[in-house]
Amino acid sequence: MLVSIITPCFNEKSHIREFVSQVFSQDRTGLDCEFIIVDGKSNDGTSVMFDELLETHPEIVVLENADRIVPTGLNNAIMIAKGEYVRRMDVHTIYAKNYVRKCIEVLADSGANCVGGPWQVKSPGGKNDAISAVFSSKIGTGGAARSSVYQTPPINVVTGT
């Protein structure tokens, strides 16, 4: 089963290497994964990091998001995604090691249209603290669960059309 992992980013030079390492250390038992990063024309040297990461992980696909609009970039990634399932993962987030696999298992078993589990925002300080606070609040997420424990995540299931 192929899963497309898509990630929007902009100016992530200091964080993209650790994030990619986290994604590639996911328990992907029974899954084949493709990894698509959509870059909003970063100007901090992130593209140099992509060049280095591609040497280790040539399966990564990097798209340019010329519009610098996250939904536009995500839609472009979805358009080329080959996976039966698509999982968005964000750079400043920490996921349980089995996050992707558990989400796919619940999707397959429940017939849900969308699932997700708890995550933890990782903030390097400054303006990012404010973004993390909103992203972690009920206002910013609509009440989605998040976790400070990196164990098997409970899964939020959304059904319907």
Contacts under 6 angstrom Cβ, first residue in the range 15-32 being in a loop (DSSP other than H, G, I, E, B), partner open to solvent by 70 Å² or more (accessible area, probe 1.4 Å) and among the basic types (Lys, Arg), 6 or more apart: 27/97
Quick one: count up the residues across the range 51-69 that are more than 30 Å from residue 105 (Cα to Cα) and open to solvent by less than 90 Å² (accessible area, probe 1.4 Å). 4
Consider the range 86-110. How many of its residues are assigned to a strand (DSSP E or B) and open to solvent by 10 Å² or more (accessible area, probe 1.4 Å)? 4
Check whether at least one residue in the range 12-30 is in contact with an Asp or Glu (Cβ under 7 Å, 6 or more places away or on another chain), farther than 18 Å from residue 114 by Cβ and at pLDDT 95 or above, and report yes or no. no
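The values are calculated or read from the model by the stated rules, or taken from the named source; none is laboratory data. Because the structure is a prediction, the values reported are computed rather than measured. Glycine gets a Cβ as well: all are built from the backbone with ideal geometry, and neighbour counts include every protein chain shown. Heads up: the accessible areas ignore ligands, DNA and RNA and are worked out on the full protein's heavy atoms, side chains in. Shrake-Rupley method; radii C 1.70, N 1.55, O 1.52, S 1.80 Å.
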